[in-house]
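These notes concern the structure reproduced below.
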Amino acid sequence: DKKKTALFIGNRDCYQVKEADIEKAIITAIENGIEVFLNGGQGYFDQTCAVIVHRLKKRYPKIKSILVIPYRDFKVFNDRLFDEIVYPFEAHTFSYYTYKSGSPKRNRWAVDHSSVAICFVYRSGGAEKTLEYAKKQNLKTIDLTKGA
């Protein structure tokens with residue numbers, strides 16, 4: 001259910017984001033009805049978000065963490081942090097994407113299946129493009145960049 005789903009958008013190297021701020025944003029999302037968190041599994045921000053969601057499952061047992069992989073041979077950093085690993089392009093004719101083509105398609109798919117974006121985007125690149133797309137799709141954004 002799109003209304004109950006959030007995704008994480010962040011530059012892979014955003015080490016300046018505070019874990020406490022991420023946790024607060026996730027709890028706010030949960031308290032506003034979010035039950036599913038889509039994670040791209042690439043870089044520090046995604047990994048930190050996955051760890052926090054996993055930890056919060058003790059307090060909020062209804063929440064789910066889903067890793068959305070951009071291509072079939074994607075290296076998962078820790079599959080125990082996720083309730084599910086999804087490859088959304090299986091049914092498509094061109095189902096084998098590469099590193100360069102898969103990530104943008106995965107990001108758009110995640111935006112299209114979410115109503116909230118929790119983000120930390122401080123420079124241009126794929127995360128910035130994904131955030132722009134999320135805003136065009138009218139996702140509610142929780143922007144942690146401003147607090148850093």
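Accessible area per residue, 1.4 Å probe, Å², for the chain: what's the number?
Values: 8030 Å² over 148 residues.
Roughly 54 Å² per residue, with all protein chains present.
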Top of Pro61, Pro70, Pro88 by mean-square fluctuation, Gaussian network on the chain, Cα under 10 Å: Pro61
How charged is the neighbourhood of Ala127? Take every other residue with its Cβ under 14 Å from the Cβ of Ala127, and add Lys/Arg as +1 and Asp/Glu as -1. +1
When only the heavy atoms of the protein chains count and the probe is 1.4 Å, how do Arg106, Arg72 rank by accessible area, highest first? Arg72, Arg106
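List the pairs from Lys58/Lys129; Lys18/Lys135; Lys58/Lys136; Lys24/Lys129 whose alpha-carbon separation is above 29 Å, in the order I gave them.
Working: Lys58/Lys129 34 Å; Lys18/Lys135 23 Å; Lys58/Lys136 34 Å; Lys24/Lys129 25 Å.
Violating the 29 Å Cα-Cα cut-off are Lys58/Lys129; Lys58/Lys136.
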How far apart, in nm, are two points set 7 Å out from the Cα along the Cα-to-Cβ line at Lys100 and at Lys75? 2.0
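Note down the magnitude of the dipole of the chain about its Cα centre, charges +1 on Lys and Arg C-beta and -1 on Asp and Glu C-beta and zero elsewhere, to the nearest 20 debye. Show your work: numbers first, answer last.
Numbers: 25 positive and 17 negative charges, 28 e Å.
Using only the charged Cβ atoms, the result is roughly 140 debye.
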Other-chain or far-sequence residues with amide H under 5 Å of Thr141's (modelled H): Ala117
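Starting from 0.36 nm per residue, how many nanometres of slack lie between Lys146 and Lys64 once their C-alpha separation is accounted for?
26.8 nm
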Over the chain, with every protein chain in place, what whole percent of the accessible area is carbon and sulfur at 1.4 Å, could you tell me? 52
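The values are calculated or read from the model by the stated rules, or taken from the named source; none is laboratory data. Computed from a prediction, not measured in an experiment: that's the story for all the values here. Cβ coordinates were reconstructed from backbone atoms using ideal geometry, including for glycine residues, and neighbour counts include every protein chain displayed. All accessible areas refer to the heavy atoms of the entire protein, side chains included, with ligands and DNA or RNA removed. Shrake-Rupley method; radii C 1.70, N 1.55, O 1.52, S 1.80 Å.
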